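The values are calculated or read from the model by the stated rules, or taken from the named source; none is laboratory data. Here the structure is a predicted model, which is why all the values come from computation and not from measurement. Cβ coordinates were reconstructed from backbone atoms using ideal geometry, including for glycine residues, and neighbour counts include every protein chain displayed.
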Amino acid sequence: MLGDSADRFAHVVDTFERVRKLYGFRRIEVPVFEATAVFARSLGESTDVVAKEMYSFEDRGGDSLTLRPEFTAGIARAYITEGWQQYAPLKVATHGPLFRYERPQKGRYRQFHQIDAEIIGAAEPLADVELLCFADQLLKELGINDGVTLTLNTLGDAQSRDAWRAALVAHFEGHRDALSEDSVDRLARNPLRILDSKDPRDKAVVDAAPGIDAYLSDEAAAFFDKVTSGLDAAGVAWERNARLVRGLDYYRHTAFEFVTDRLGAQGTVLGGGRYDGLIENMGGPVTPAVGWAAGIERLGMLLDHIQSDALDVAFIPMGEAAEKVAVRILSELRRSGLVCEMGYRGNIKKRMQRANDARAKFAVIIGDDELAEDVAIVRNLQTGVQTKQPIEHLGQIPFSLLDGMSLGRAVDATGSIVDLLTGDQAPQ
Ligand code: ATP
Ligand code: MG
């Protein structure tokens, strides 16, 4: 990634880093690879990711390792092995590369990147609400909430889920002939997965499938109610999708996706849910948890035009003596926080062109004539106004003083503006 795609990527990550602090999520780093069992067991053997998409390999010691296809399982593993229980409830955030063996196409890569947020050790629906508010604010601050809808479901507790599963099996058995081969296969191994099928042949049968509501236990219904009323209180818009399930097996209670119609087939921009059983299944203590993840590249594609980094001052010295002076002023200005650039070579015309292309605010031009006078030409590239400034303290003056400056004026050592002809102090 270079240029626009890299700028989009960085903007997503920067915004995520800023917003996660507003919500008190701590930054964590987890390994890029784990023992294969960490993913194979927790994601579910019959999910697409585990069955078809994992990059697994044997290392020199004969152990099976896998490049992480998602974050949650590795974070759950770290929670157990690193003793993070002492910090529960723990709010954490991370981002980085993930790997899936998929058919590469626009917006779908074999190495892609996600941002990820998790709350571990909280059974309260308030945790679901906080996590969803975080996601909602992030999408708004990225400016991509337009046309993006939060769709929400509950998968209930174990009892609700089992009852719903039985009803789904009965429904799909009744329409077996209309299902795709993959879904017939899922019917035997993991019937809920059929709801997540992207095969158009399954659509009609999936649309007619029973939703979970009739099978929800009172506790599960009350939990979901607290989540949705929390979202209402926070002013986060949501829509119910009673057939929403997620691509991995570990979800319980809340499941959600922020979906858009702006990306064609790849409609989900951010997804997640509650995974209360996962850490216990992995051999840890009973630990309720909830989390979400979003693809950085896919979020980046939804951004409007984004500005590349601004340049304050482009230095254009002509000749070695001028270059030496420029290097000094350049470092002084950079230390004071201005964004400055100086090319290594090229004639004045090329260098001016480059300064304009980079949308620099000022160009500082120093040639032999200027050196002889101990001045530099400072050209405001937005207004075209050009002034001569004493070289001596050019590295210390606030450049903002030069913003609206007219011809024949300069800034002196004290930061005052002087008339070059008379030497008197002058208003801008
Ligand atoms: P899909 O249905 O598009 O295959 P998924 O259900 O496999 O998505 P998740 O596992 O929920 O995706 O991952 C969450 C997000 O990660 C997706 O919404 C998407 O933005 C991103 N993502 C997943 N796979 C890829 C990929 N191969 N390339 C780029 N981004 C991806
Ligand atoms: Mg996928």
**Asked** Considering the stretch 370-404 alone, what residues qualify as being farther than 17 Å from Leu333 by Cβ, hydrophobic (A, V, I, L, M, F, W, C) and surrounded by 11 or more Cβ atoms within 10 Å (Cβ to Cβ)?
**Response** Leu371, Val385
**Filtered residues of the stretch 98-114 (kept if closer than 20 Å to Thr47 by Cβ, at pLDDT 95 or above and assigned to a strand (DSSP E or B))** = Leu98, Phe99, Gln111, Phe112, Gln114
**Request:** Go through the stretch 125-159 and count every residue that is assigned to a helix (DSSP H, G or I), under 17 Å from the mean Cα position of the chain (by Cα) and among the polar types (S, T, N, Q).
**Result:** 1
**Fill in**
Subset of the stretch 37-47, residues in contact with a Leu (Cβ under 6 Å, 6 or more places away or on another chain) and more than 16 Å from ligand 2 (Cβ to nearest atom), comes to Ser42
**Request:** Check whether at least one residue in the stretch 153-173 is in contact (Cβ under 8 Å) with a residue 40 or more places away in the chain and closer than 30 Å to Arg8 by Cβ, and report yes or no.
**Result:** no
**Asked** Within the stretch 70-93, can you find the residues that are under 16 Å from Gly272 (Cα atoms) and either within 14 Å of ligand 1 (Cβ to nearest atom) or in a helix (DSSP H, G or I) (or both)?
**Response** Glu70, Phe71, Thr72, Ala73, Gly74, Ile75, Ala76
**Out of Leu402, Leu394, sole residue that is touching a Phe, Trp or Tyr at 6+ places or on another chain (Cβ under 9 Å), closer than 20 Å to Glu341 by Cβ, assigned by TED's automatic domain parsing to the domain that holds Ala322 and not charged (D, E, K, R)** = Leu402
**Checking Val286 against (1) within 16 Å of ligand 2 (Cβ to nearest atom); (2) β-branched (Val, Ile, Thr); (3) free of Cβ contacts under 8 Å to residues at least 24 places away in the same chain, the condition it does not meet** = (1)
**Message:** For the structure I just gave you, tell me whether Arg379 is part of a strand (DSSP E or B), farther than 19 Å from Ala321 by Cβ and either among the charged types (D, E, K, R) or touching a residue at least 60 places away in the same chain (Cβ under 8 Å) (or both).
**Reply:** yes
**Request:** Within the stretch 48-103, work out how many residues are within 16 Å of ligand 2 (Cβ to nearest atom) and touching a residue at least 40 places away in the same chain (Cβ under 8 Å).
**Result:** 15
**Request:** Report yes if some residue within the stretch 115-123 is more than 14 Å from ligand 1 (Cβ to nearest atom), out of contact with any Leu (no Cβ under 9 Å at 6 or more places or on another chain), touching a residue at least 60 places away in the same chain (Cβ under 8 Å) and assigned to a loop (DSSP other than H, G, I, E, B); otherwise report no.
**Result:** yes
